[in-house]
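Data first, discussion second: the structure below is written as structure tokens.
The values are calculated or read from the model by the stated rules, or taken from the named source; none is laboratory data. None of these values were measured; they are calculated from a predicted model. Glycine also receives a Cβ, built like all others from the backbone with ideal geometry; neighbour counts cover every protein chain displayed. Accessible surface areas use protein heavy atoms only, side chains included; no ligands, DNA or RNA. Shrake-Rupley method; radii C 1.70, N 1.55, O 1.52, S 1.80 Å.
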Amino acid sequence: MRSNNIKKGLERAPHRSLLKAVGLTDEEMELPFIGVVNSWNELIPGHIHLDKLAEAVKAGIRMAGGVPFEFNTIGICDGIAMGHSGMKNSLPSRELIADSIELMVGAHQFDGMVMIPTCDKIVPGHLMAAGRLDIPTVVVTGGPMMPGIVNDEPRDLISLFEAVGERRNNKITEQDLKNLEDCSCCGAGSCAGLFTANTMACVTEALGMSLPGCGTAHAVDAKKTRIAKRSGMKILELVKNGITARHIVTQASLDNSIRVDMAIGGSSNTALHMPAIAAEFELELPLSRFDELSRETPHLISLRPGGNRFMIDFERAGGVPAIQQRLKAALDLDTLTVTGKSLEENLKEYIIINPRANKEIIATLDSPVHPEGGIAVLRGSLAPQGSVVKQTAVSQNMLKFSGIARVFDSEELSMKAIMEKKIKPGDCIIIRYEGPKGGPGMREMLSPTAAIAGMGLIESVALVTDGRFSGGTRGPCIGHVSPEAAEGGPIALVREGDIIEIDIPARVLNLAVSKEEMEKRRKDWKAPAPKAVKGYLARYRQHVSSADKGAVFR
């Protein structure tokens, strides 16, 4: 056992004394030590219940003959950080979370760990640490929130963000907005649609790192507590059998998880997080792989924001295993999972509890929601190294679009123009200097994209940025443009009135400006002064890679 490094032998008497100071007995010294990595805090709805899940995990560990040690990581709520300078901190927190777990586990020599994350950057941060440390690991994601009910209709956080634009356009009343504010987010869990947090939970299960059913089991459901308890028991089995994280996350399981991601129409942020996770497992995952698998994988379930169903509908229909059953012929079924069994063995044990919901909510391969998967990677003169769009959340009549560039050097400036009704049909909003370096921190742009939708412009206006989007964004919104403006990418050279050409089926994003004119502009361009000159964000800016590489530290 790794933990023998801190508890065995004559020279470890001081270490044992310190462990006894926290209450350990001599008998417990003989058992495996399991880290319980919890991102619980009192600020994020997705995390407010994780203290209870940790108790269930620890109970499972003790039942199976291990000793649990709980410690915490930080966690940022993207919804609360959205639309202001606070969002600059969100993506950078992913690396800090991974680093902090590495330090705690490395210092205390745990034999295995159970991770309990929920929200957008916390789940990938935990998975990155799992790849880096390569010890036996099980992940228990905290589960989705139930949708709220307003005007007899299910609602979520995106309903409220879009309602801001609707109120500005006098489509709803102040009382309507207040009702949504009071009732859209109704308790514990990650936001109720297939946004980034829930996408990453499903991807984690599809990777094999969570027990079957974990990704869609809701925060308020006792099923989640039972999964947490079983996960605590399962980690002891993995420790005993020497099954580490890198036995589970392989090139094949990465492909499996991306296929599931494409089939459910997940967040475009997976194109940022999955390459970063792969890098920590010392695996290759180029951005092009998302597009290759998307072209081969049909979209099978119409979930928010692109569709009208919520995570609770996905759960009733059978969750990730139901999607894996549909995709069975395309998946590598020999991949190992944290059950200690292969994916094929897990699927043989899968039972459809609600056959009518399974049939109604999840489409078949012969009659999919869309013939291709959720994400498309666009390239062209505006994005030579690539850009990302959630194509299943774009209406058919906006898949091809030519628009007039309206150029803004920050999210705030674009939001001001949208709310002042200065954006018109046929415009293509360009938001730049919001990339990993330029932001720094690559902010999500949910506030402007939701305002566009709320003001009725989603069928006539596009948005292109070197920043990124919330998993809740819908419409022709293209992010992750690489190279970013701060590195002198073509997006830095766009001028007001230029024509932007978008062709999602052809995977093209072009700036309709001659090469000669672009060279002239390039000679005139000067990099702006950095927005962060001290603290963590300044260090982040110096070390972070481009978005097409996962915005990882070099």
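Here are the numbers for the structure shown:
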{"item": "Straight-distance crosslink candidates among lysines, where the alpha carbon sits under 25 Å from LYS171 and sequence neighbours closer than 8 are dropped", "result": "LYS416, LYS421, LYS422, LYS424"}
{"item": "Ordering of 56-64, 515-523 by burial proxy (mean other Cβ atoms within 10 Å per residue, highest first)", "result": "56-64, 515-523"}
{"item": "Chain lengthening between GLU42 and GLU11 when straightened (0.36 nm per residue, less Cα-Cα)", "result": "7.1 nm"}
{"item": "Alpha-carbon centroids, region 161-177 and region 257-316: separation in whole Å", "result": "31"}
{"item": "Candidate lysines for bridging to LYS7, where Cα separation is under 16 Å - those fewer than 8 sequence places away on the same chain excluded", "result": "LYS20"}
{"item": "Rounded FRET efficiency, nearest 0.05, which uses the C-beta distance separating LYS424 from ILE499 and R0 of 25 Å", "result": "0.95"}
{"item": "Relative packing of 494-500, 260-266, which averages over residues the other C-beta atoms within 10 Å, highest first", "result": "260-266, 494-500"}
{"item": "FRET efficiency, LYS341 to LEU18 (Cβ-Cβ, R0 22 Å, nearest 0.05)", "result": "0.05"}
{"item": "Chymotrypsin sites (Phe, Trp or Tyr not before Pro) restricted to DSSP loop in region 490-551 with at most 13 other C-beta within 10 Å", "result": "TRP525"}
{"item": "Percent accessible area from carbon and sulfur atoms, the chain, protein chains only, probe 1.4 Å", "result": "53"}
{"item": "In order through region 190-199: 3J(HN,Hα) via Karplus (6.51 cos²θ - 1.76 cosθ + 1.60), integer Hz, x for Gly, Pro", "result": "7, 2, 6, x, 7, 9, 4, 4, 6, 4"}
{"item": "Sparsely packed GluC sites (Glu not before Pro) within region 1-90, loop by DSSP, other Cβ within 10 Å at most 15", "result": "GLU27, GLU42"}
{"item": "Low-density loop cleavage sites - GluC sites (Glu not before Pro) in region 234-314, where at most 13 other Cβ are within 10 Å (DSSP)", "result": "GLU282, GLU284"}
{"item": "Förster radius 30 Å - calculated FRET efficiency between LYS400 and GLU516, Cβ distance, rounded to 0.05", "result": "0.65"}
{"item": "Burial ranking of peptide ranges 324-332, 306-314, 242-250, 210-218 (average Cβ count within 10 Å, highest at the top)", "result": "210-218, 306-314, 242-250, 324-332"}
{"item": "Enclosed volume per residue, in Å³, of the convex hull spanned by Cα atoms of the chain", "result": "142"}
{"item": "Surface/4 of the Cα convex hull for region 47-104, nm²", "result": "4.8"}
{"item": "Long-range amide H partners of ARG2 with built H, under 5 Å", "result": "none"}
